[in-house]
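*Asks:* Sharing a structure with you now.
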Amino acid sequence: MESGNLFLKLLSDLAPEGAPGWVLALMACGVGVSILIGFVSLLAMAATWAERKVAGHIQCRFGPMYVGGWHGWAQPIADGVKLLMKEDMIPLGADRMLFVLAPAIVLGSIFGALVAMPLAPDVYFANLDLGIFLVLALSSMTTIGVVMAGWASNSKWSLYGAMREAAQVVAYEIPLGISLLVPLIVAGTFNLLEASEAQSGLWGMEWFIFWNPFMIPAAVIFGIAALAETKRAPFDLPEAESELVSGFLTEYSGIRWSFFFMEEYAAMFLMSLIGAVFFFGGFESPITHLAKYIGGEHSILHNLGGHVTLMSKAAFGVFLMMWLRWTLPRVRIDQVMTMGYKYLTPLALVCVLGACLWEALKAAF
Amino acid sequence: MENTSRPFYAALVVLALVLLGWGMQAAHAEGLAFGLFAFLTIGGGLVCIWERSVVRSAFSLLATFSGVAGFYVLLGADFIAVAQILIYVGGILALLLFGVMLTPPDMNERKLTRVLSGLGIVGAGTFWVAMKVGGSANWVVDPNLAEIASRPKQIGVGFLAMNLPDGEPGYVVAFELAAILLTVALVASVYIARRKKSDLEEPALEGGNA
């Protein structure tokens, strides 16, 4: 089977005979967006259940056990129904237009970033030369939505949360981007698929993290900055339920509230995915290598192996974020700022310089 | 939403439909995209000058910046489009909001008549210039245009190589000068914001006993 975008190929088979290109493009948009919405909703459902189970087991309890039978698997469905039935409240003093618009902007920008997400070596929405650059740009747009939510709520807790979010995200975008430069120097591309392809040597174990000694600190910095970017504990200062009630979410309820949580879980998944692609081999693992060996390159088996590998890596990243959330106490806002500006940013710059030197010397000798 | 702005937003929706329909009729999907981005750019700007609350004006710039980024995508300059979002939406707008959010929501900051007359003058001026230029300019359309150098690799080579692949001199000097300028700006801002010795001394307390 030849390589190429299976998603577009399937669509062009489904399209009516002789349809012009722009009809196909609109169809691809519609189907792609529906798939993304379904994906994010299911992801949020699975992640809320997993979060409760992880939290439960870390705190020596079981978490949800009753709804649906086996380990409370239907709990997220019950939660979803509850959220849909809840009264949709907009405070009297709120700026109605911005209040309604904020969840849409937050969710819309994360959908935009997910477009660059590869699902399998030949299944993706868009194979972009600018992959990682686009993801970083669009995921920084969620800040505007959160700030909008905080301001529109017209409550002091919300405004405090929004200000913290803005300060925190602006501070941590810098180390996040710079730490990603270290694998990007080696990869020589912004494209997520090409970066994954570059790590396929050594039976699929030639991951970027093993390429030079500056990768490991860069990966740690990326992890910390990703936690701060997705406002997960210990960096959940914009919500900080014990100080700010719920921060920017205080005045939101029902389905609008759940939009913010869908965004949070999608952002967690996206950050884990980026980490997996640029540090931990992307699609590549011995399993993918074996599948490629048996089925041939770009076969269904190869795609399946790549998909399972990448998704399990990303899922492990999400699990790690949950683990950290229920283990570490929240840091103070001045500690957040100090860590971002005084430690992580210079350290990331040192990593980039070191990686440049290492690769130059490796090329010279 | 105050009652006075209802007709304005209705007009905005009409504008959106007109632009989308016009684009669709002119060039199908590309035209539709052009209409959408044109609406985002113009509509964002209109909301920005119409709204009396400064914060809403600032948020409306989100639409304008995104629309301009969309135009870059349509022109094939993907890199600049993403840079536009990263810098203007992620950086500049966030900073702008940070400042603007600290102002109280005063609904009577701007007089509507002044906004409208300003809009009229600026719009008429722009229209006049556009008509003059559009009528007299001799647009040269080269059918053998070179492929747009918008791939990140080409941009990186252009910025950092002394000589481009085709022998032309690269832009490394300009790039480095820009980097030095930014560093100077950063150092200067730290210098201005730093604590002076006089700030560190305890201010003399009024009224005697401390």
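The values are calculated or read from the model by the stated rules, or taken from the named source; none is laboratory data. Since the structure is predicted, the reported quantities are computational estimates derived from the model, not experimental observations. Note that each Cβ is placed from the backbone with ideal geometry, even for glycine, and that neighbours are counted across all protein chains shown. Note: accessible area is taken over every heavy atom of the protein model, side chains too, but ligands, DNA and RNA are not part of it. Shrake-Rupley method; radii C 1.70, N 1.55, O 1.52, S 1.80 Å.
*Asks:* I'd like the residue in the range A:269-306 that is among the β-branched types (Val, Ile, Thr) and open to solvent by 10 Å² or more (accessible area, probe 1.4 Å) and, out of all such residues, is farthest from A:Leu227 (Cα to Cα).
*Replies:* Residue satisfying both the conditions and the ranking: A:Ile294.
*Asks:* Here is a list: A:Ala44, A:Ala25. Which entry is within 14 Å of chain B (Cβ to nearest Cβ) and either in contact with a helix residue (DSSP H, G or I) (Cβ under 6 Å, 6 or more places away or on another chain) or of a type in the set (Val, Ile, Thr) (or both)?
*Replies:* A:Ala25
*Asks:* Residue by residue through the range A:166-177, note down the ones that are in contact with a Ser or Thr (Cβ under 8 Å, 6 or more places away or on another chain) and open to solvent by less than 10 Å² (accessible area, probe 1.4 Å).
*Replies:* A:Ala166, A:Val169, A:Pro175 - these are the residues of the range A:166-177 that are in contact with a Ser or Thr (Cβ under 8 Å, 6 or more places away or on another chain) and open to solvent by less than 10 Å² (accessible area, probe 1.4 Å).
*Asks:* Of the numbered conditions (1) β-branched (Val, Ile, Thr); (2) over 25 Å from A:Ala167 (Cβ atoms); (3) surrounded by fewer than 20 Cβ atoms within 10 Å (Cβ to Cβ), A:Thr309 fails exactly one; give the number of that condition.
*Replies:* Going through the list (1) β-branched (Val, Ile, Thr); (2) over 25 Å from A:Ala167 (Cβ atoms); (3) surrounded by fewer than 20 Cβ atoms within 10 Å (Cβ to Cβ), A:Thr309 breaks only (3).
*Asks:* Picking from A:Leu8, A:Leu24, A:Leu101, which residue would you name as being within 25 Å of the chain's Cα centre (by Cα), modelled with pLDDT under 80 and either within 30 Å of B:Ser57 (Cα to Cα) or open to solvent by 40 Å² or more (accessible area, probe 1.4 Å) (or both)?
*Replies:* Working: A:Leu24 fails: within 25 Å of the chain's Cα centre (by Cα); A:Leu101 fails: modelled with pLDDT under 80.
None of the others qualify; the one that does is A:Leu8.
*Asks:* Within the range A:193-234, how many residues are under 30 Å from A:Gly247 (Cβ atoms) and within 14 Å of another protein chain (Cβ to nearest Cβ)?
*Replies:* Number satisfying all stated conditions: 1.
*Asks:* Test A:Gly38 against the criterion of being closer than 27 Å to A:Ser253 by Cα, surrounded by fewer than 16 Cβ atoms within 10 Å (Cβ to Cβ) and modelled with pLDDT of 80 or more, and give yes or no.
*Replies:* Yes: the conditions hold for A:Gly38.
*Asks:* On to the next question. Which condition number does A:Tyr160 fail, the rest of (1) more than 20 Å from A:Phe278 (Cβ to Cβ); (2) in contact with an Asp or Glu (Cβ under 7 Å, 6 or more places away or on another chain) being met?
*Replies:* Only one criterion is unmet by A:Tyr160, namely (2).
*Asks:* Taking A:Lys342, is it free of Cβ contacts under 8 Å to residues at least 12 places away in the same chain and basic (Lys, Arg)?
*Replies:* Yes, satisfied.
*Asks:* Residue by residue through the range A:145-177, note down the ones that are outside any helix (DSSP H, G or I) and more than 10 Å from every other protein chain (Cβ to nearest Cβ).
*Replies:* Selection gives A:Ser153, A:Ser155.
*Asks:* I would also like to ask the following. Say we look at the range A:113-138 and pick out the residues that are part of a helix (DSSP H, G or I) and open to solvent by less than 20 Å² (accessible area, probe 1.4 Å); which of these is nearest to the other protein chains (Cβ to nearest Cβ)? Lay out the reasoning, then the answer.
*Replies:* Residues of the range A:113-138 part of a helix (DSSP H, G or I): A:113-114, A:131-138.
Among the residues that remain, those that are also open to solvent by less than 20 Å² (accessible area, probe 1.4 Å) are: A:113-114, A:131-132, A:135, A:137.
Details: A:Ala113: 11, A:Leu114: 15, A:Gly131: 10, A:Ile132: 10, A:Val135: 10, A:Ala137: 4 Å.
The extreme case among them is A:Ala137.
*Asks:* Here is a follow-up. Residue check: is A:Met45 in a loop (DSSP other than H, G, I, E, B) and either closer than 28 Å to A:Pro118 by Cβ or open to solvent by 60 Å² or more (accessible area, probe 1.4 Å) (or both)? Even if it seems obvious, please write down each step before you answer.
*Replies:* Working: in a loop (DSSP other than H, G, I, E, B): no; either closer than 28 Å to A:Pro118 by Cβ or open to solvent by 60 Å² or more (accessible area, probe 1.4 Å) (or both): yes.
No.
*Asks:* Another one. Inspect the range A:229-242 for any residue being in contact (Cβ under 8 Å) with a residue 24 or more places away in the chain, open to solvent by less than 10 Å² (accessible area, probe 1.4 Å) and in a helix (DSSP H, G or I) and give the result as yes or no.
*Replies:* no
*Asks:* In the range A:202-228, which residue that is part of a loop (DSSP other than H, G, I, E, B) and not hydrophobic (A, V, I, L, M, F, W, C) is surrounded by the fewest Cβ atoms within 10 Å (Cβ to Cβ)?
*Replies:* So, considering only residues that are part of a loop (DSSP other than H, G, I, E, B) and not hydrophobic (A, V, I, L, M, F, W, C), the one surrounded by the fewest Cβ atoms within 10 Å (Cβ to Cβ) is A:Pro213.
*Asks:* Given the criterion in a helix (DSSP H, G or I) and touching a Pro at 6+ places or on another chain (Cβ under 6 Å), identify the matching residue among A:Thr345, A:Thr338, A:Thr309.
*Replies:* The conditions single out A:Thr345.
*Asks:* Let me ask something else about it. Can you tell me which residues in the range A:178-192 are under 11 Å from A:Phe208 (Cα atoms), open to solvent by 10 Å² or more (accessible area, probe 1.4 Å) and either away from every other protein chain (no Cβ under 12 Å) or among the charged types (D, E, K, R) (or both)?
*Replies:* Once the filter is applied, which keeps residues that are under 11 Å from A:Phe208 (Cα atoms), open to solvent by 10 Å² or more (accessible area, probe 1.4 Å) and either away from every other protein chain (no Cβ under 12 Å) or among the charged types (D, E, K, R) (or both), the range A:178-192 yields only A:Val186.
*Asks:* Counting residues that are more than 22 Å from A:Gly150 (Cβ to Cβ), more than 9 Å from chain A (Cβ to nearest Cβ) and open to solvent by less than 50 Å² (accessible area, probe 1.4 Å), which helices (runs of 4 or more DSSP H) fully inside the range B:12-107 reach at least 3?
*Replies:* The helices (runs of 4 or more DSSP H) meeting that bar are B:54-74.
*Asks:* A follow-up question, please. Right, A:Pro76: touching a helix residue (DSSP H, G or I) at 6+ places or on another chain (Cβ under 7 Å) and in the same structural domain as A:Phe190 (by TED's automatic domain parsing) or not?
*Replies:* Taking the combined requirement at face value, the residue does not satisfy it.
*Asks:* Which members of the range A:307-337 meet the condition of being closer than 16 Å to A:Leu227 by Cβ and hydroxyl-bearing (Ser, Thr, Tyr)?
*Replies:* Hit for the range A:307-337 is A:Thr327, nothing else.
*Asks:* Would you mind finding the one in A:Ile105, A:Ile77, A:Ile37, A:Ile90 that is in a helix (DSSP H, G or I) and within 14 Å of another protein chain (Cβ to nearest Cβ)?
*Replies:* From the options A:Ile105, A:Ile77, A:Ile37, A:Ile90, the qualifying one is A:Ile105.
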